[in-house]
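The values are calculated or read from the model by the stated rules, or taken from the named source; none is laboratory data. The structure displayed is predicted, hence computed values, not measured ones. Positions of Cβ are generated from backbone atoms using ideal geometry, with glycine treated the same way; all protein chains shown enter the neighbour counts. For accessibility, only protein heavy atoms count, side chains too; no ligands or nucleic acids. Shrake-Rupley method; radii C 1.70, N 1.55, O 1.52, S 1.80 Å.
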Amino acid sequence: MATPLSSRSLASQIIVAGLLLSCCRLGAAGLFGKNQPPPDWGLDAYKTRVPDNAKDAAAVVLFDEYLETVDAQGRAVEREREAIRILKPQGREQGACGVAYDVDEKINYFRVWTIAADEKQYMAQDTDFIEEGAVGIPIMLSTHKFRVAHPPAVDVGATVICESEEVMKPYFQEKLWRIQNDIPVVFQALEVDLPPGRAHAESWHNFKAVQPVEVAPNHWRWELKNTSALILRNVPSHPDWGALAARMSVQWGDAAVAGTDNQWKAIGEWFTTLEAGRPDPSPEITAQTQSLIAGAPDFYSKLSRITDYIQKNIRYFIVERGIGGHQANPAAEIFRNKYGDCKDKTTLLISMLQVAGIHAVYLPVDTDRGFVDPEEPSLFGNHMITAIEVPADVQDPRLIAVVKAKDGKRYLIFDPTNERVPIGNLPTYLQGGYGTLAAGAASQVIALPVLPPESNPNDRNGSFTLSPDGTLAGSVDTIHSGSGGGEMRNVLKYSDEKERREALETDVAHDVPGVVLNSFQFVQPPDLDKPIEVHYKLTASQYAHTAGTLLLVRPRVVGSDALPFDDKPRTVSIDLNATGKWHDSFDIALPTGYVVDETPDPIDVDVEFASYHSTVTGKDNHLHYERDYVVRQVEIGADKAGAFRRLESAILTDEKGTAVLKKQ
């Protein structure tokens, strides 16, 4: 799997490595060879002309070809050949090739050459290769690593040629072909050579399906030409890169069956079998659970006591090796050690719920909304959460994050790894995505819920006094609940007093230049379903500006909710981040002798996915600002771009609106 290190490549894979994915095993250093000339295919690729539509890119992939040779047991040997041309100085980083490895995958060879701009040829030596581990998560202990080549003479005009072959994981019978990069690709191909009688199934994500050619009996080849780069840096409010990038998945194991639903079912059954027996409760787990739920009056009480225990007592810590990147440790070990990764915490939760008479199953997902595509069955993802079956007679309004499976069963979706969001609610990053309900024969892909705005409320009240010289002083009190409260709790967990002050000052200074934070306080109740409070006092000189005998003042003192937008034609969907209901109420006491002469017009916008209403009034020597902002969806289509611009433009107008004060 030698690839240019780009979007959702080395850096992002390291960060999410430990949640689900694990890769290949490194061969001995001698396998990387002495000086050899570039192979013929590399020389042919070197002669490829850079197409006109790629000349503005920093680099371009001239050739990229995979060959998956599958044996009778379904294990593949993968060969990749790739050639990358550096076109600009900033494209030098694209000249690094990497191969992932682990304990259960063997690299047969990994060779890299450079043909410099002056046509001199170089072969990377042992000293040009480095190993990189899962450094993105400091607490991780993992055998998952990368072998990365930084070949010589990588400069503008150079062509880097990479070739590798590796024996893939024996239990992973799927190829995820990432056909779109953040640089253009001139030519790419995928071949899958299957043994007689073995079937395959393919599915495409954000790309029109291409029919393969059978180049030999049961040997299939797909070819693509001139694939454009996916560049999102100038696209405001876009979804995750991995959700938009084109890719294709080929299955040749149990999921190589006809029909998308059948493929998802097979994938769910694979997870079910893999984790079978892992949640079996030990006597210690049974005793602890029975102690927790003793006297619990209802279903919610049992759930909340068990989930609260896991969130507060089982530390997130990753130790994985080979298939351990997918398979959880036994529940007894997790309970005894008091730590585990996402699938471990889910395993212990399932075990404790089982003792409580509550059925729950594994739910593999991805934390990047949109990466799991219901039309592209795949094992790939980076996280494991829990689907808890809700009995038909339980109708509790506190259980908001509930979805219904095809058989009519209701499941509460819960992420036990997230230590700050209470049971019944759901972190923002999971809402609106998809996951694999690993429920044996009832396995299926299932949509994760988008919670109503009322589940994520935020109330902010401010009381201020304005001096004749324009100085504003006052206090702000904010209450955060739902997933927003969980995010705030997470900030508090990983920061000290100094960092919290700096973060709060930076946030307030964005809205109030020159502000001084006089005091601040975070109030964090131990119960996760209770709101978290933030209180602070501020002073800002020259907040109001003089214009002759007038004072110009902005009624909306703090808070910036406008998302980035532009007027360019929209081709990708728009990420609204989170549903929620935000209410602001600010009062500014006017300087003696001043009255309100003019206020900004009211804002009243209501579109399908959100609404925004604000008013500014002057009464009894006070300027009063009131605002309600409601977001109903987490993502909208590109066809809603006009309504999105209208909403965001109105929010900006409101945030910058000025009231005029005059002397009596």
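What is the chain by shape, rounded, prolate or oblate, if you read a ≥ b ≥ c off the alpha carbon gyration tensor as root eigenvalues and call it rounded for a/c under 1.5, prolate for a/b larger than b/c, and oblate otherwise? Numbers along the way, then the final one.
Numbers: a/c = 2.16, a/b = 1.41, b/c = 1.53.
Oblate.
Summary: within the chain, the longest segment free of GluC sites (Glu not before Pro) located in DSSP loops with at most 14 other C-beta atoms within 10 Å is 120-374. Solvent-accessible surface of the chain, taken per residue with a 1.4 Å probe and all protein chains present: 41 Å².
Please say if the range 160-214 is rounded, prolate or oblate, where rounded means a/c under 1.5 for a ≥ b ≥ c the square roots of the C-alpha gyration tensor eigenvalues, and otherwise the choice is prolate for a/b larger than b/c and oblate otherwise? Each step should come with its number before you reach the end.
Numbers: a/c = 1.81, a/b = 1.24, b/c = 1.46.
It is oblate, given that a/c is not under 1.5 and a/b is not larger than b/c.
With a 1.4 Å probe and all protein chains left in place, how much of the accessible area of the chain comes from carbon and sulfur atoms, in whole percent?
Details: 14060 of 27540 Å².
That share works out to 51 percent.
Helical runs assigned H by DSSP (4 residues or longer) give the chain a calculated mean residue ellipticity at 222 nm of -5500 deg cm²/dmol, each run adding -39500 (n - 2.57) before division by the residue total.
Its convex hull of Cα atoms gives the range 388-492 a direction-averaged projected area, equal to a quarter of the hull surface, of 9.0 nm². Given the C-alpha centroids of the range 386-405 and the range 481-525, what is the distance between them in whole angstrom? Answer, in whole Å: 34.
Hey, what did the range 531-664 get for relative contact order, percent, Cα under 8 Å, at least 6 apart? Before the final figure, lay out each step's value.
On the way: 237 pairs, mean separation 48.7, N = 134.
It comes to 36 percent, rounded to a whole number.
Once a ≥ b ≥ c are taken as the square roots of the eigenvalues of the Cα gyration tensor of the range 487-597, is the result rounded (a/c under 1.5), prolate (a/b larger than b/c) or oblate (a/b not larger than b/c)? Oblate is the answer for the range 487-597, as a/c is 1.5 or above yet b/c matches or exceeds a/b.
What's the extension gain from residue 290 to residue 496 if we count 0.36 nm per residue and subtract their Cα-Cα distance?
Details: separation 206, 0.36 × 206 = 74.16 nm, distance 3.66 nm.
Answer, rounded to one decimal: 70.5 nm.
Expressed in Å, the radius of gyration and Dmax of the Cα atoms of the range 477-532 are 12.1, 36. Cα-based radius of gyration for the range 282-428, normalised by 2.2 N^0.38 Å, reads 1.03. Each of 397, 659, 616 was placed along the dipole of the chain (beta-carbon charges, centred on the mean Cα), and the one lying farthest toward the positive end is 397. The slack in the chain from residue 663 to residue 36, taken as 0.36 nm per residue of separation less the alpha-carbon distance, amounts to 217.1 nm. Averaging the sequence gap over all C-alpha pairs within less than 8 Å and six or more residues apart, then dividing by the number of residues, gives the range 482-603 a relative contact order of 18 percent. Both numbers refer to the Cα atoms of the range 93-188; Rg and Dmax are 15.3, 46 Å.
Based on alpha-carbon centroids, what's the gap between the range 574-604 and the range 98-124 in Å, whole number please? Between the Cα centres of the range 574-604 and the range 98-124 lies a distance of 59 Å. For residue 183, the amide hydrogen comes within under 5 Å of the amide hydrogens of 230, counting only partners 5 or more places away or on other chains and with H modelled in the peptide plane. Available extension along the chain between residue 509 and residue 336 is 57.6 nm, counting 0.36 nm per residue and deducting the alpha carbon span. For residue 214 and residue 441, the FRET efficiency from 1/(1 + (r/R0)^6), where r spans their Cβ atoms and R0 equals 45 Å, is about 0.85.
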